[in-house]
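Each remark here refers to the structure printed beneath this line.
Read the figures in this text as sums done on the coordinates, not as results from a lab. What you see is a predicted model; the values in this text were computed from it and never measured. Here the Cβ is made from the backbone with ideal geometry for all residues, glycine too, and neighbour counts use every protein chain on show.
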Amino acid sequence: MLVLSMPDRTDRKGRASRQGSNMTSTTSSASSAPVLPDYAPVPQSALGPALNEQGYYVGRVERNLYWVTDGTYQSAFLTTSDGVVLLDAPPTIGHNIRRAVDEIAAANGVSNKVTHLIYSHHHADHGGASFLFDKDVSRIGHVETRRLLLRDDDPARPAPEETFQDRRSLEIGGERIDLAWYGSNHSPDNIYIHLPDHDTLMLVDIVNAGWAPVYISNLTEDIPGYIEAPSKALVYPWKHFIGGHLGRLGTRDDVTLHRQYMADIAASVRQAIDTVDPTPYFVKYGENAWAGVKGYLDAVSDAAAAPVVEKYTGVLAAADVFTASTAFWVMESIRLDLGYGSQVHP
Ligand SMILES: [Zn+2]
C-alpha cells in the first residue's frame, strides 16, 4: 500500500512544483495523506476481557457452555459426555477455536473431540473455519443454510447434512439445544439457538452488545425481519446473549437497548421523509436523475441519523461511525417494503 502510493505522491508533488511555489508543493504533499476523521471514544462498557498471547479469550458462559472471542468475532462450544458441540466457526478465530476447546477440555478432564457443528447462518465470516473440523463432524443448520452453502460451493464451509425447517430440538450428551427459524432477518437462514439449561440465547449478526450495527444494519438483507428479531429473542427466557460480534457477551438490557436504537432510527427516518424537501436536489441536477436521487436520499438519511447519533454517542460504541449507514438502509426499507412516502402521480 505504502509503496504503491509513493509514485503517486511524488507525481503530484512534482506537478505542484511545476505550477509554482514551494508552499503549493508542501500543501499538496500534506493533502495527499488520507484525512482520517476522529470519532467519539469507545465506552468502557462496550469492551470485553483481554485476549491471551495467541489472540483469543475463552470463558465460561454457564456450566459447560463456553464462548471464544478474538475481540471482533465470537464462537461458542458446549462440552458434553459425548464430545464437543461447536456453535459457529469464524475464520478470524480459526485455529484458536481448537486451542480454546483443548484448553477447556484439558482443564475439565473431558473429551476435546468436536462431534457437532451448528451453523447460525451461511455467511463465511461466521462459518469459514468449519473445514478445520472436517472428519466425523455432524454439521447441523437450517435448510436454507444448506441450499446457500451448496450454491456457494466454498470448501471452507461444507453444507450441513442435518437440517430443519422451523424448529428442531437437539439432545447431545444430555444437553438440550433448541433451534428455531422465524423467517429471514440479517440473512434468509439466520436461526435462534437457545440453550435453556444454560440460560443462553445465541443469535448472530442482529445485536452487537455495546456497539452500533456495522454498515447498513449489520449488512442486513431483510430490515423488517431484522427489526423484529430482538423482540423474538426476548420472548425466550435467558440471561446470557451470544451475538457473534465484538468482545463481550450480551445481556437482556443490551438487546432491549438495540431494539430502542433501531426504533429511534425508524421514527427519525419517517420524520426525515416527511420534512426533507427533494426539490433543490432535482432542480440542481436536472437530467442527471441519479444525482438528484443521491442528493435527496443522502440528505434524508443524514437528517434521520443526526438525532440518533446524538442520543447514542457514549451509549453504543461507534454510533457516530455507522448510524448514517444504518439509517440509509432503514429508510430504503421504510420506502420500499412499507411504501411510506410513496406518491402516485396525479
Ligand atoms: Zn452474517
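In which sequence would Asp264, Asp134, Asp254 go, from the one with the fewest C-beta neighbours within 10 Å to the one with the most?
Fewest-to-most Cβ neighbours within 10 Å comes out as Asp134, Asp264, Asp254.
Given only helices, namely DSSP H runs of n ≥ 4 each adding -39500 (n - 2.57), what is the per-residue ellipticity at 222 nm of the chain, to the nearest 500 deg cm²/dmol?
-13500 deg cm²/dmol
Which percent, nearest 5, of DSSP beta bridges in the chain are antiparallel?
Close to 65 percent.
Could you give me the radius of gyration and the Dmax of the stretch 225-346, taking only the C-alpha atoms into account and expressing both in angstrom?
17.1, 56
Below 8 Å, C-alpha to C-alpha, sequence gap of six or more: please give me the relative contact order for the chain in percent.
14 percent
Could you state the number of Å between the C-alpha centres of the stretch 102-176 and the stretch 204-220?
23 Å
Can you pull a Stokes-Einstein diffusion coefficient for the stretch 200-289 at 10 °C (1.306 mPa s), Rh from Kirkwood over Cα pairs, as a whole number of µm²/s? Mind showing how you got there, number by number?
Numbers: Rh = 14.9 Å.
Result for D is 106 µm²/s.
Dipole of the stretch 263-336, Cα-centred, from +1 at each Lys and Arg C-beta and -1 at each Asp and Glu C-beta, to the nearest 20 debye? If you can, show how the numbers build up before the last one.
Numbers: 5 positive and 9 negative charges, 18 e Å.
Using only the charged Cβ atoms, the result is roughly 80 debye.
With a bin width of 10 angstrom, please list the P(r) values of the stretch 85-200 as percents of all Cα-Cα pairs, from the 0 bin to the one holding the largest distance.
Over the stretch 85-200, the share of Cα pairs per 10 Å bin runs 14, 45, 35, 6, 0 percent.
Kindly express, to the nearest 10 degrees and within the range 0 to 90, the angle between helix 2-19's C-alpha long axis and the longest C-alpha principal axis of the chain.
10 degrees
Quick one: among Gly55, Gly314, Gly210, which has the greatest mean-square fluctuation in a GNM of the chain with alpha-carbon springs under 10 angstrom?
Sorting by GNM fluctuation, first place goes to Gly55.
On a straight-distance basis, which lysines could pair with Lys239 in a cross-link, Cα separation under 30 angstrom, same-chain partners fewer than 8 positions away excluded?
Of all the lysines, those that pass the test against Lys239 - Cα under 30 Å, at least 8 places apart if same chain - are Lys113, Lys311.
Which three semi-axes in whole Å describe the equivalent ellipsoid of the chain, each the square root of 5 times a Cα gyration tensor eigenvalue, listed largest first? Present the calculation step by step, with values, prior to reporting the outcome.
On the way: eigenvalues 341, 154, 75 Å².
They are 41, 28, 19 Å, listed largest first.
Straight-line reach from Lys284: which lysines have a Cα under 18 Å away, not including same-chain ones fewer than 8 places off?
Excluding near neighbours in sequence, the set is Lys294.
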